[in-house]
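> Quick one: structure below, then a few questions.
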Amino acid sequence: MAATPNFCYAYRCNNRRASGKGFLCHPARKKQRGSPKGVWLHSIGRANFDNGLDSRLCERVRLDFEAFDLETSSQCSTDIVLIRESGSTVRTMCSDVLPKPYLSVSREVTIVFLTDKMKSSRGFRLRFTATNDADLCSSTMQFQCGTAECIPRNQVCNGRFDCPDGSDEKFCSVDRWSQQLVKNATCGTPAVEPSVEMADRIVGGEEAVPHSWPWQVSIQKKNIHPAAHFCGGTLISNELVITAAHCFMHVQPSDVVVKLGSHNLVGNGTGVQIRTLSAYAQHSRFAIHDMTHDVAVLKLSFPVNFTEHVRPVCLPGLGESLPVNTTCYSTGWGATRGSGSAFLLKQARLKVRHFDDACSSIFQIQPRIGRDYLVCAVDESDSAGPCNGDSGGPLVCQLSQPAPSSNWTLVGMTSMGTEVTRSSTLCGMGSSTIWSGVIPNRRWIDRALRSL
């Protein structure tokens, strides 16, 4: 077993140049924003920089991380390492999860390390190499997935999605892989039963039983690793997801990925499937000053394979009702306040309430909002609710009787809390929550599904 590489504790980098091959490391102990200009790495053969290492022309730079220990934060907002090419940030990294190797598309990359004044960690160590390799795989008998994993080449076009993102079947016959997909999964029936007993009062909800809400998806920014989650969503078929329209007010659909089958967002769990988006539909009447129709439908780039970890939820029928006092559950990965890790999927038990009884304060920040298109739900213990990062996530109930044996049905997507600012409820605040209703928006949802 190879020894764990040593971390570096005394490396100063500020517009430093390096070429050929070598190591780069940095401690995460600085008490100010560090290395603002970064380290410039370029491949051998650049005409105006004679490095004396090799005369062979290399077109790319390969980065292999050998050790990585930085603070974990939502969307990597504190201690971070950036990889930049051609003036743009192509990857943002944080946490203690070892990043995957990176292969540049040009001869030059810049590594930038930034740290705040809070926690200290051991830092990172990476190996850089000038190369002409076309991909990261060590053998021509391997295929590189879009997510950087390498699989045996004989698994390409074998009719199964062996890459997490399905890229091994991207240029294959549709008939070949579609025949192998598990298309039929009864909606609203998890393979792993969720915990629905009334637990002790837990501020901010409780950790869900892993994979007991298999329709829950994480919508993430594409170039942040691994803490890229910014919104939740709900799988309703093998290629369609429902979420909140406000999730995409400042993010382009081309800049996100959808992660399915996760419980721990920063872990390397098995059974995770990753998809980009091929189409996006937002309710035409949605507006930030009137979030009555805060609903959007996403079409995935490839269908997912239904497994024990990935299954769809049911949609309510046209004209179906949601009675007051119905018990429902919200799930998501949001910012927590004294209630455990935000990177583990959590759940909260809620009751549907009359809008005027529990949610009328929403008119203070959304005076134009139409209550007929919304669902008002309150935590039964007044101690938990959806959190930052849970926007767009599901509110599910068992509408049929008897409830314990009926399928789970999606009745709402998290839109906003009533006691805090728009879309910014905090776990543990005990405020009621506004959900975009699925039943009143069902006709628009059906039209969107047909158009995508």
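Please treat every number below as a calculation from the coordinates, not as lab data. Nothing here was measured: the structure is a model prediction, and the numbers come from that model. Reconstructed Cβ throughout: ideal geometry from the backbone, glycine too, with neighbour counts over all protein chains shown.
> Between THR326 and residues 5 or more places away or on another chain, which pairs have amide H atoms under 5 Å apart, with H built 1.01 Å from N, and which residues are they?
For THR326, the qualifying residues are VAL352.
> Continuing with the same structure: List every residue whose amide H lies under 5 Å from the amide H of ILE224, counting only residues 5 or more places away in sequence or on a different chain, with H placed 1.01 Å from N in the peptide plane.
Answer set, sorted by chain and number: THR92.
> If you don't mind, another one. Can you give me the long-range amide H partners of VAL272? Hydrogens built in the peptide plane at 1.01 Å from N, cutoff under 5 Å, separation of 5 or more residues or another chain.
So VAL272 has HN proximity to no qualifying residue.
> A follow-up question, please. Can you work out the Karplus-derived ³J(HN,Hα) for every residue in the stretch 299-311? Use 6.51 cos²θ - 1.76 cosθ + 1.60 with θ = phi - 60°, whole Hz, and x for glycine or proline.
9, 6, 5, 9, x, 8, 9, 5, 9, 5, 9, 10, 8
> Let me ask something else about it. Using θ = phi - 60° and the Karplus curve 6.51 cos²θ - 1.76 cosθ + 1.60, what whole-Hz ³J(HN,Hα) does each residue of the stretch 95-104 get, with Gly and Pro shown as x?
Taking θ as phi minus 60°, the curve returns 6, 9, 7, 5, x, 6, x, 10, 10, 6 Hz for the stretch 95-104.
> While we're here: Taking 30 Å as the cut-off for C-alpha to C-alpha distance, list the pairs among LYS221/LYS351; LYS119/LYS299; LYS119/LYS346; LYS222/LYS351; LYS170/LYS346 that go past it.
Where the Cα-Cα span goes over 30 Å, the pairs concerned are LYS221/LYS351; LYS119/LYS299; LYS222/LYS351; LYS170/LYS346.
> Order of 67-80, 231-244 by packing, highest average Cβ count within 10 Å first?
Ranking, from highest mean packing down: 231-244, 67-80.
> Using only Cα atoms, figure out Rg for the stretch 235-355 and give it as a multiple of 2.2 N^0.38 Å.
Cα-based Rg divided by the globular estimate yields 1.18.
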